[in-house]
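This report refers to the structure that appears directly beneath it.
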Amino acid sequence: MGKITNALKKAAEERLERIEKISRLKEREDLIVKKIGESNVDPSIVTYFDPKALISEQYKILRTNILSMNKGKPPQTIVITSSIHSEGKTVTVINLAVALAQSVQKPKVLLVDADMRRGRMVKYLGVDHKVGLMEILTGAAKAEDVLFHLEYDNLAFVGSGGIPENPAELLASDKMKQFLAEMKSDFDYILIDTPPIIPVTDAGIVGPIADGVLMVVQAGRTQRGIIRRAEDLLFQTHSKILGHVLTNIEYHLPEYIYRYL
Ligand SMILES: Nc1ncnc2c1ncn2[C@@H]1O[C@H](COP(=O)(O)OP(=O)(O)O)[C@@H](O)[C@H]1O
Ligand SMILES: [Mg+2]
């Protein structure tokens, strides 16, 4: 009895210690994301609210890695996909687009939501744009009429628009190639958010007409075999995999490794 009581007491103390540690961590200035103004943008778009936050720095590292590809001739059109749903594609691509737009050179960046099945980009951006890529590809609207900006003049968005019957066919159409070609002459970088590659083919259609594909992988959830299968599907379509972005990572390394200032 005594042993059990002691063990329970010890466990309770340890739990308390853990809670205290977490709350100390939460109080740390550099981990708190400062939301500015009355914006409706989702708090997960950290680069938008707080470019100096520790998390924003990770998206800047991703930006640097992309910009230094091909000996300074980085890919201009990049597709973002993942193996399965909810791995963090949309949050990653919006943060990356903001980080790119914040570069000193102020490149012109376009982010297109090509997930015409469950596209949630406009939701994350806190806007209510119902017209987007679907309308461009069906000829119901022109790109210049559906393109919109938030705070940054050099960052434009095209939402997914309405939900079509045939998203894969629309993405495979000449209209899509035409749209991309037009945008390539207007923008320095075009990022394209797509659905996951295992359940639907869309990313495999857009992948080969872009310069490459970034694969988002949710750590602790997506299994190796599933990632391999997703990559096989991309290889089959002759898409070039540029690299992987791991999401849902916890900081296991000591904090001082990440801190500089
Ligand atoms: N790097 C990350 N670390 C932890 N959670 C993340 C990360 N990126 C996104 N998420 C969370 O994962 C969930 C799914 O993100 P979302 O971008 O909508 O996924 P997808 O577009 O792949 O379906 C959201 O709740 C989002 O806040
Ligand atoms: Mg998404």
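The values are calculated or read from the model by the stated rules, or taken from the named source; none is laboratory data. This one's a predicted model, so the numbers in the text were calculated from it and none came from an experiment. No Cβ is skipped: glycine too gets one built from the backbone with ideal geometry, and neighbour counts run over all protein chains shown.
Name the residues in the stretch 186-206 that are surrounded by fewer than 19 Cβ atoms within 10 Å (Cβ to Cβ) and under 14 Å from P75 (Cα atoms), would you?
Selection gives D188 alone.
What do you reckon, is L111 within 11 Å of the chain's Cα centre (by Cα), modelled with pLDDT of 95 or more and either in the same structural domain as F157 (by TED's automatic domain parsing) or among the small types (G, A, S) (or both)? Working first, answer last.
Working: within 11 Å of the chain's Cα centre (by Cα): yes; modelled with pLDDT of 95 or more: yes; either in the same structural domain as F157 (by TED's automatic domain parsing) or among the small types (G, A, S) (or both): yes.
Yes.
If Y124 meets every condition in (1) surrounded by fewer than 19 Cβ atoms within 10 Å (Cβ to Cβ); (2) outside any loop (DSSP other than H, G, I, E, B); (3) touching an Asp or Glu at 6+ places or on another chain (Cβ under 6 Å) apart from one, which number is that one?
(1)
Would you confirm, using the coordinates I've provided, whether I80 is outside any helix (DSSP H, G or I), closer than 23 Å to D186 by Cα, within 12 Å of ligand 1 (Cβ to nearest atom) and touching a residue at least 40 places away in the same chain (Cβ under 8 Å)? Walk me through how you get there before you give the answer.
On the way: outside any helix (DSSP H, G or I): yes; closer than 23 Å to D186 by Cα: yes; within 12 Å of ligand 1 (Cβ to nearest atom): yes; touching a residue at least 40 places away in the same chain (Cβ under 8 Å): yes.
When the stated conditions are applied, I80 passes them.
Quick one: in the stretch 58-91, of everything that is modelled with pLDDT of 95 or more, over 18 Å from A219 (Cβ atoms) and of a type in the set (D, E, K, R), which residue is farthest from ligand 2 (Cβ to nearest atom)?
K60
Looking at (1) under 13 Å from G119 (Cβ atoms); (2) surrounded by fewer than 19 Cβ atoms within 10 Å (Cβ to Cβ); (3) not hydrophobic (A, V, I, L, M, F, W, C), which is the one condition that is false for E182?
(1)
In this structure, is I94 closer than 22 Å to Q218 by Cα, away from ligand 1 (no atom under 14 Å from the Cβ) and touching a residue at least 24 places away in the same chain (Cβ under 8 Å)?
Numbers: closer than 22 Å to Q218 by Cα: yes; away from ligand 1 (no atom under 14 Å from the Cβ): no; touching a residue at least 24 places away in the same chain (Cβ under 8 Å): yes.
No: the conditions fail for I94.
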